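Structure, as structure tokens:
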């Protein structure tokens, strides 16, 4: 699906993508408080980043993109803004959280507390960066309320 945000078919759906990303980030923060919900928290972090990147790409290109691979989505964002490059390495490991953390597997180990903290940090950083672009302002929200 493609939309031209500069013409008659101007799409503001990137705001909706950001609203859903915000909900996922709030869910991740809440779930991270319970040691039995680490996998679910990681999944919601992956979802926050995916939706934030899709919002950004829709914002700058006017086109929706498909896919769940965060590395690919970050590389697409880099085509419009090289600043996203700092997120390539930081988000690569989070690709596993789309499927592996939601289903039993012989090869999956639940992330430890340090990994979860780092995951939440990169998730907040990327989300806030996209917010600063889309909402065109400094964006800093306290998620620990």
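The values are calculated or read from the model by the stated rules, or taken from the named source; none is laboratory data. Every value quoted in this text rests on a predicted model; they were computed, and no experiment measured them. Heads up, the Cβs are rebuilt from the backbone with ideal geometry, glycines too, and the neighbour counts pull from every protein chain shown.
Restricting attention to region 81-94, the residues being free of Cβ contacts under 8 Å to residues at least 24 places away in the same chain and farther than 23 Å from residue 28 by Cβ number 2.
Quick grid of which residues meet (1) surrounded by 14 or more Cβ atoms within 10 Å (Cβ to Cβ); (2) under 12 Å from the mean Cα position of the chain (by Cα); (3) at pLDDT below 90; (4) within 21 Å of residue 39 (Cα to Cα):
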residue	(1), (2), (3), (4)
56	yes, yes, no, no
76	yes, no, no, no
82	no, no, no, no
101	yes, no, yes, yes
111	yes, no, yes, yes
114	no, no, no, yes
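The set of residues from region 64-74 being in contact (Cβ under 8 Å) with a residue 40 or more places away in the chain and either loosely packed, with under 14 Cβ neighbours inside 10 Å or more than 20 Å from residue 16 (Cα to Cα) (or both) is empty. Annotation: residue 124 fulfils all but one of (1) surrounded by fewer than 21 Cβ atoms within 10 Å (Cβ to Cβ); (2) under 15 Å from the mean Cα position of the chain (by Cα); (3) more than 28 Å from residue 12 (Cα to Cα); (4) in contact (Cβ under 8 Å) with a residue 60 or more places away in the chain; the unmet one is (3).
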